[in-house]
Amino acid sequence: MTCVLGIDIGTTSTIGILIRLPDQVLAVESRPVDLLSERAGWAEEDPEQWWNNLCDITRSLIAKSGVGADEIAGIGVAGMLPALVLLDDRGRLLRRSIQQSDGRCAVEVEEIRAEIDQEAFVRMAGNGVNQQLIACKLRWIEKHEPVVFNGIATVFGSYDYINFRLTGERRIEQNWALEAGFVDLGAHKVSDALTAHTHLPPSVFPSKASSHEIIGRLSATAAGQTGLPAGLPVVAGAADFIASALASGLVSPGDALLKFGGSVDVLAISERPKPDHRMFLDYHLVPGLYVPNGCMSTGGSALNWFVANFARGEAAAARAAGLTIHQYLDSLAGSVPAGADGVAVVPYFLGEKTPIHDPFARGAITGLSLNHEVSHLWRALLESYAYAIAHHVEVFAEMGVVLSHFRASDGGASSRFWMQIVADVLQQPIQLPVGHPGSCLGAAWTAAIGIGATNDWGGIDRFVGRGDLIRPNPEHAALYAEGYGAFRDTYRRLTHTDRRGTTR
């Protein structure tokens, strides 16, 4: 049967999967990615590391699975979006990527907001003007890195860049283009009027491709580096969270996916567009459907930051217990009561995207006392993301998008402790997956559709089972309702002070 390869260019790791249709996972491999934050609010990565990871992963998948390279029939790549990757006229990287979570362009956000009719922009582009908009990031580069700006010949995203390395073709996938702020939603085309906000000519923006469209074939150079056969079909790929949503069974109105990766995402489904400046809007992989969604600036990336900086002393104990450091911290925090004995966190460590779109926002810890330990801080950090999810659910309800069936996916979903906290804050059951390897599976299935190995989008369900249903503890409802109110109020109070500590 047909074998296809899926790669996920994630914020914290690159993950690859090799599957055989109709329902067999042959191998999964991952490699870490370095997130660089040299200044407050900055988030950058090295696209060359993504490529090196992919080359290592593809060779490892072939060796691990025992499948011959010539048995692989197609490849799809998913990735975070809208990360910004810039090439010169010789196809060389001009700088490191600026990640979607990067918050350096607050001034440029305000500039563009002052220039345009924001309501008309949202209606046309489907998304609002915020720190994630590619035009804002490019204007920052124009001001602060003019040599780079003047050398730009191609603008695209994380998986678009990987596709370029695979095929030599310059294309942008539809959801990167949409969230970048370049697609006229009515015409479903990249609009020169929208790209003009970047101060760059239309020629630097490649043509848009649908997710399952074959955009090229593996070049001889890439074949030598990856161990894959030259001529292998490559599809345009998918936004990582949309690929994960497909694999998680997000197919009907009322379904919601909570994706716990490098960032935390909240995804819904709609049969028509739901433009709202507070949220993002994407195309579903299934043609004709839409995914209104929220994406936080951080999630797993902040947990990893906490571990690296505040939990080094627990590493030895975790190893002795045969646990990962995250599992060990969960076990410690399990002895801390709900509400973390008064410790609370606002997790806006890189500013925040949805639903507040405030690049000036910063993380905060309140309620600390000398009786508190790492376990209190860890529980409070997990609770903070549950409160942030509740905020998204509240905004969705105001948009007329009612969420009634919650599923979890990606790495953070493996923490039953965290998922119980989320269920308790929402007072909704959370369905856990079994065998969900993440966005790489959705990328592989997109390739399978693109090469014609199947025409059944729902066939991906054979790879992912339904695990336990985490039911909410009603005894925590009142406490967490109060905690949620305090979470919202703390942010409102902090908005009176910017990152320099002065009133704004």
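Just so it is clear, none of the values below were taken in a lab; they were calculated from the coordinates. Model, not experiment: these values are computed from the prediction. A quick note on method: Cβ atoms are made from the backbone with ideal geometry, for glycine too, and the neighbour counts reach across all protein chains shown.
A few points about this structure:
- The stretch 312-320 - phi-based ³J(HN,Hα) in whole Hz, Karplus 6.51/-1.76/1.60, Gly and Pro as x: 4, x, 8, 4, 5, 5, 5, 4, 5
- The mean sequence distance of close C-alpha pairs (under 8 Å, at least 6 residues apart), as a share of the length of the stretch 3-243, puts its relative contact order at 21 percent.
- Estimated from the Cβ-Cβ distance and a Förster radius of 41 angstrom, the FRET efficiency linking S252 and E482 is about 0.80.
- The eigenvalues of the Cα gyration tensor, multiplied by 5 and square-rooted, give the stretch 54-161 an equivalent ellipsoid with semi-axes of 35, 18, 11 Å from largest to smallest.
- When you restrict to C-alpha pairs under 8 Å that are six or more residues apart and normalise by the size of the chain, the relative contact order lands at 17 percent.
- Net charge of the neighbourhood of A318, taken over other residues with C-beta under 14 Å away and scored Lys/Arg +1, Asp/Glu -1, is 0.
- Normalising the average separation of contacting C-alpha pairs (under 8 angstrom, six or more residues apart) by the number of residues puts the relative contact order of the stretch 2-75 at 35 percent.
- Spin-label zone in the stretch 250-278 - amide nitrogen under 17 Å from a point set 7 Å from the Cα of H405 along the C-beta vector: 250-259, 267-271
- Remark: the D70-A308 segment gains 81.5 nm on full extension, using 0.36 nm per residue and subtracting the alpha carbon distance.
- Each 5 Å bin from 0 upward holds the following percent of the Cα-Cα pairs of the stretch 116-235: 2, 11, 19, 20, 18, 13, 9, 6, 2, 1, 0.
- Bridge type composition, the chain - antiparallel percent by DSSP, nearest 5: 70 percent
- Applying the Kirkwood pairwise sum to the alpha-carbon positions of the stretch 3-243 produces a hydrodynamic radius of 18.3 angstrom.
- Mean shadow area of the stretch 344-455 over all directions, Cα convex hull, nm²: 10.0 nm²
- Ascending count of other beta-carbon atoms within 10 Å, so fewest first, for C105, C440: C105, C440
- Selection from P201, I72, G10, by position along the positive dipole direction of the stretch 3-243 (Cβ): I72
- From the alpha carbon centroid of the stretch 1-66 to that of the stretch 208-281 is 14 Å.
- √(5λ) per eigenvalue of the Cα gyration tensor, the stretch 1-95, largest first, Å: 29, 14, 11
- Modelled FRET efficiency - R0 60 Å, Q118 with A320, Cβ distances, 0.05 increments: 0.65
- Global form of the stretch 402-504, assessed from the alpha-carbon gyration tensor, a/c cut-off 1.5: oblate
- Put simply, the stretch 438-482 fits an ellipsoid with semi-axes of 39, 12, 8 Å; these come from the alpha carbon gyration tensor as the roots of five times its eigenvalues, largest first.
- Among residues other than R59 with Cβ under 13 Å from its Cβ, the summed charge is 0 (Lys and Arg +1, Asp and Glu -1).
- Using the alpha carbons alone, the radius of gyration of the stretch 258-380 stands to its Kirkwood radius in an Rg to Rh ratio of 1.08.
- Separation of alpha-carbon centers, the stretch 351-370 and the stretch 407-483, rounded to whole Å: 26 Å
- Taking V147, V291, V190 and counting other C-beta atoms within 10 Å, the order from fewest to most: V147, V190, V291
- Reachable lysines from K259, criterion Cα separation under 18 angstrom, eight or more residues apart if same chain: K353
- Chain lengthening between H188 and E213 when straightened (0.36 nm per residue, less Cα-Cα): 7.5 nm
- Surrounding net charge for A209, when Lys and Arg each add one and Asp and Glu each subtract one, Cβ distance under 10 Å: -2
- If the chain linking R90 and N371 were pulled fully straight, counting 0.36 nm for each residue of separation and taking away their Cα-Cα distance, it would gain 95.3 nm.
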